[in-house]
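Comments concern the structure below.
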Amino acid sequence: MAVKEGVLAAQDGDLWYVMLRGSLNPAALSLTGKSSAVKAMYALCGDLSATTGVRFAFSGVPFHSYESSTSAQRQVSLISAVGIVLVVLLFLWMFRSPLPALVSAAAVLLSCGSGLVAVLLFFRQIHILTFVFGTTLIGTCVDYSIHFFVHWKGDAAARDGAGIRRKILRGAGISFLSTEICFAALFLSPFPFLQQVAAFLFFGLLSAFLSVVCLFPRLPLPRADLRTIPLLRSPARKPRVPLVTAFRMVPLVLTLAAVAVLLCHRSSIKIDNNLRDMYTMSERLLESEAIAARVLDYGSAGWYFLVEGESAEDVLQSEEAFAARLARAQADGKVRSYLATSDFFPSRARQERSYAASARLIPLAAAQYDALGFASDAAAFAADYASRAGHFAAPDDADVPAILRGVTKNLWIGDIGGRWYSCILPLHTDDEAYFRALAENTPHVHFVNKVADIGAELDALTAMLLRLLGLAFVLVLVLLCFCYPPRTVAGITAIPVATALVTVAALRLARIPLGFFSVTGLVLVFGLGLDYVIYATEGRTRDGALSRLAILVSFATTALSFGALAFISFAPVHTIGLTVFVGLSTACASAFAIAKPS
């Protein structure tokens, strides 16, 4: 790009391109709201294209954020709305009353409110991703409600809510304690974000459990003649023994198949959080970025050097010292060019040297004017030079020309918490290892690759989640040893292991790495899947048909509300949805395999 006729322009083939560069007003930062600047720009440019034939290419983070957020929001809203409607219809069809749906929704809202209050009391603020993990709470709350209302509607022998509570209390209590152990283990994490998640889920689940055991029993029971559920109204014909045996073998077959897949792909089973895999450009933006890259030829690799110091002067001097090393890198062909604030605003020490060196030109001014053919004005030149003594340019000056401020806006960070910072952008290079090593040997200079660094942090967070999940599994195993005989404990604990193997194998076949969002789904699978198994185990001693129905309905509601997210194109949400659906499908099949025979 070069200045032509008062604008930044460039020619590519037979076409001319003009750059329009802007900054978002804080009031227009909304991505999808009515005040979205990107939405307004799209509408304006669309009208201009239709009336004048001028083409527009868009480049920049706001456009990508707008495209991804609007697409994800539209898909999530549609699928979530359909899922909620289907869950409500399922409740109405099964229970023939709006009361279970309304009370369950109220319990979920109360639980989420309790979790939110707990986080704000302990941490004074809440992380946005805490709500991502909060989906675990919704699924568990709904499961508690389902198990109560299945007995409320289908147990003709129940005399009151207290009797229903006694029947489900052991299973619900063990399920509650095991899940709370999982959430409490997150408190041991050194990450404040995970500690927030632990507080949100721990106290939210406590609220849900207390709602079921303290408030739900006070609900009036339906009349005895109305206490039937459509699925149980007429006894079904018992399946043949070979079919029952074959069904009970399904979890084992799935586990063996998963082990085979994992063994074949064992070298590729690793924690990997690549941010580039979490976002796919739309065709329009992909075409725009290709045009922008070709015309601008900017050459930014997406990483930069962060320079810090005690003052603005320290930062500028450090930049100049590091620029000398970059100049040698240019000579070696490692980088074509670079951008630094000190190229436009040298340090004061350098400006002072330049000012002192300029004094040597004063005696030669008259001769230079004559040689160039200009009227001699050496006296005015000397006077102007003298008046500039003690005046130096700095990036934070209020009178900096707009064109310079625009150039250095993305380079100069300034004062943050008493420390000063700036960025140096190397251009037209791909040797990341060379420049990372270059920064490691330079004081006050840090190499930053946001994509790689955030991925590394997510890798560490994912590994921490897996370790805490393993710790929770051990603690739950200890709890179960106090509640069941060893053989039953072995059967219960084997199912979460099998579920995890099948889920990870399915993710590998779908070419989805083991990352933060897939492990987030595993946390949900572990909590809800273990509940299925515990309820199935309790159902072996009493009300087996009601327990199996409650497990089936719990799975159906979770599949409709969370498993349906697998159809979302936004990679993080798609990963959570697929993980939940595969994991809970395996857990549900396993629970039915160990349930009391019909």
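Positive end of the charge dipole of region 254-403 (Lys, Arg +1 and Asp, Glu -1 on Cβ, about the Cα centre): tell me which of SER337, PRO363, ALA382 has its Cα farthest that way.
SER337
Please report, in debye to the nearest 20, how large the charge dipole of the chain is about its Cα centre when each Lys and Arg carries +1 at its beta carbon and each Asp and Glu carries -1 there.
4060 debye
Please work out the C-alpha center-to-center distance from region 142-169 to region 413-470 and express it in whole Å.
55 Å
Multiply the residue gap between GLU5 and LEU120 by 0.36 nm, knock off their C-alpha separation, and tell me the result in nm, one decimal place. Spell out each step's value before the answer.
Details: separation 115, 0.36 × 115 = 41.40 nm, distance 5.65 nm.
Going from the current span to full extension adds 35.8 nm.
Helix 283-296 sits at what angle to the longest principal axis of the chain, using alpha carbons and giving 0 to 90 degrees rounded to 10?
It is inclined by approximately 20 degrees.
Can you give the percent of C-alpha pairs in region 289-400 whose distance is more than 22 Å? Numbers along the way, then the final one.
Working: 3471 of 6216 pairs.
In whole percent, the share of Cα-Cα pairs in region 289-400 beyond 22 Å is 56.
At a 1.4 Å probe, what is the % contribution of carbon and sulfur to the accessible area of the chain? Don't jump to the answer; show the numbers that get you there.
Numbers: 20130 of 31390 Å².
Using a 1.4 Å probe with all protein chains present, the chain comes out at 64 percent carbon and sulfur.
Accessible area per residue for region 329-386 in Å², computed with a 1.4 Å probe and the full protein assembly in place, what is it?
On a per-residue basis, 66 Å².
Region 79-121 to region 573-589: how many Å between their Cα centroids?
20 Å
Please list the equivalent ellipsoid semi-axes of region 72-131, computed as the square roots of five times the alpha-carbon gyration tensor eigenvalues, in descending order and whole angstrom. Before the final figure, lay out each step's value.
Numbers: eigenvalues 161, 68, 5 Å².
Value: 28, 18, 5 Å, ordered largest first.
Which percent, to the nearest 5, of DSSP beta bridges fully inside the chain are antiparallel?
Roughly 95 percent of the beta bridges in the chain run antiparallel, per DSSP.
Ratio of alpha-carbon Rg to the 2.2 N^0.38 Å globular estimate for region 258-351, to two decimals, please.
Dividing the Cα Rg of region 258-351 by 2.2 N^0.38 Å gives 1.74.
Which one, PHE555, ALA394, PHE200, projects farthest toward the positive side of the charge dipole computed for the chain from Cβ point charges (K/R +1, D/E -1)?
Positive-end residue among those listed: PHE555.
For the chain, count all C-alpha to C-alpha pairs, find those more than 41 Å apart, and express that count as a whole percent of the total.
It works out to 44 percent of all Cα pairs.
Can you work out the accessible area per residue across region 40-103, with the rest of the protein chains kept in place, probe 1.4 Å, in square angstrom?
58 Å²
Using the charge dipole of the chain (Lys, Arg: +1 at Cβ; Asp, Glu: -1 at Cβ; taken about the Cα centre), state which of VAL407, LEU468, PRO485 has its Cα farthest towards the positive end.
Going by the charge dipole, the pick is PRO485.
Region 484-545 to region 246-277: how many Å between their Cα centroids?
Cα centroid to Cα centroid, the span is 14 Å.
What full-extension length gain, to one decimal in nm, is calculated for GLN73 and ARG294 as 0.36 nm per residue of separation minus the Cα-Cα distance?
76.4 nm
Using only Cα atoms, find the angle between the long axis of helix 192-210 and the longest principal axis of the chain, and express it within 0 to 90 degrees, rounded to the nearest 10.
30 degrees
Straight-line reach only, C-alpha to C-alpha below 18 angstrom: list the aspartates and glutamates that LYS167 could link to, leaving out same-chain residues fewer than 8 apart.
ASP143, ASP155, ASP531, GLU538, ASP543
Report, as a whole number in µm² per second, the diffusion coefficient that Stokes-Einstein gives for region 353-426 at 25 °C and 0.890 mPa s using the Kirkwood radius over alpha carbon pairs.
157 µm²/s
The values are calculated or read from the model by the stated rules, or taken from the named source; none is laboratory data. What you see is a predicted model; the values in this text were computed from it and never measured. No Cβ is skipped: glycine too gets one built from the backbone with ideal geometry, and neighbour counts run over all protein chains shown. Areas reflect the complete protein model, heavy atoms only, side chains present, ligands, DNA and RNA absent. Shrake-Rupley method; radii C 1.70, N 1.55, O 1.52, S 1.80 Å.
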